1. So how much accessible area does T134 have, in Å² to the nearest 10, using a 1.4 Å probe?
2. Using only the alpha-carbon atoms of segment 34-150, report the extent along each of the three principal axes, biggest first, to the nearest angstrom.
3. Roughly to the nearest percent, how much of the accessible area of segment 68-137 is carbon and sulfur, given a 1.4 Å probe?
4. Between segment 97-120 and segment 69-96, what is the C-alpha centre distance in whole Å?
5. Show which lysines lie in cross-link reach of K133 when reach means a straight Cα distance below 28 angstrom and same-chain residues fewer than eight apart are skipped.
6. When ligands, DNA and RNA are left out and all protein chains stay put, how many square angstrom of accessible area per residue does segment 37-148 have with a 1.4 Å probe?
7. Students sometimes get this wrong: rank D83, D119, D72 by accessible area, probe 1.4 Å, all chains present, largest first.
8. How far apart, in nanometres, would the label points at D58 and S127 be if each is projected 7 angstrom from Cα along the Cα-to-Cβ direction?
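The values are calculated or read from the model by the stated rules, or taken from the named source; none is laboratory data. Source: prediction; values computed, not measured. Cβ placement follows ideal geometry from the backbone for every residue including glycine, while neighbour counts extend to all protein chains displayed. Just the protein is used for accessible areas: all its heavy atoms, side chains included, with ligands, DNA and RNA removed. Shrake-Rupley method; radii C 1.70, N 1.55, O 1.52, S 1.80 Å.
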Amino acid sequence: MKRTHKVLAVVAAGLLTIGSSALAQNLDVIKERQQVMKMNAQAAKQANSIIKGETPYDAAKADELFRMLNDDARKFATLFPEDSKTGGKTEAAPAIWEKPAEFKAANDKFIADTQAAVDAKPQDVASFEASFKTVAANCQSCHQQFRQRD
């Protein structure tokens with residue numbers, strides 16, 4: 001009888017371990033991608049302030065914003081491992097993992113468009129606005145396909 005209890009205890013412990021590892025999520029990477037998205041949102045607010053004339057145009061600041069977005073875009077592609085599908089209040093849609101080629105293509109386009117904005121080196125508000133509109137279109141398109149809201 002005691003041996004049966006020991007066997008059951010070992011089996012139960014094993015099942016709990018398997019169950020808990022199946023539920024375990026990579027919360028660190030979820031937090032990291034959320035932080036990247038917050039930084040992108042802040043960059044977009046700053047860009048819109050420049051475009052609206054609320055903030056004086058500064059070519060160095062424009063370059064900084066586009067470089068940050070480009071760096072984030074390059075990093076972003078690495079922030080969606082299989083173990084980060086759920087948890088941590090993620091807004092990542094299942095389509096990211098169901099359609100990885102499409103997600104990669106969307107991120108690659110964001111990288112290319114932010115790099116083009118960096119390379120363009122806008123020297124005035126009008127050229128900055130044109131570059132930013134192209135970059136921002138990536139955000140909207142990607143969010144429509146690959147972001148879910150509660």
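1. Estimated to the nearest 10 Å², T134 gives 70 Å².
2. Principal extents (Cα only, largest first): 43, 25, 19 Å.
3. Exposed carbon and sulfur together represent 59 percent of the surface.
4. Their Cα centres are 14 Å away from one another.
5. Leaving aside lysines fewer than 8 places away in the same chain, those within reach of K133 are K31, K38, K45, K52, K61, K75, K99, K104, K109, K121.
6. On the way: 6340 Å² over 112 residues.
On a per-residue basis, segment 37-148 sits at 57 Å².
7. So, going from the largest accessible area down, we get D119, D83, D72.
8. Spacing of the two 7 Å Cα→Cβ label points: 1.9 nm.
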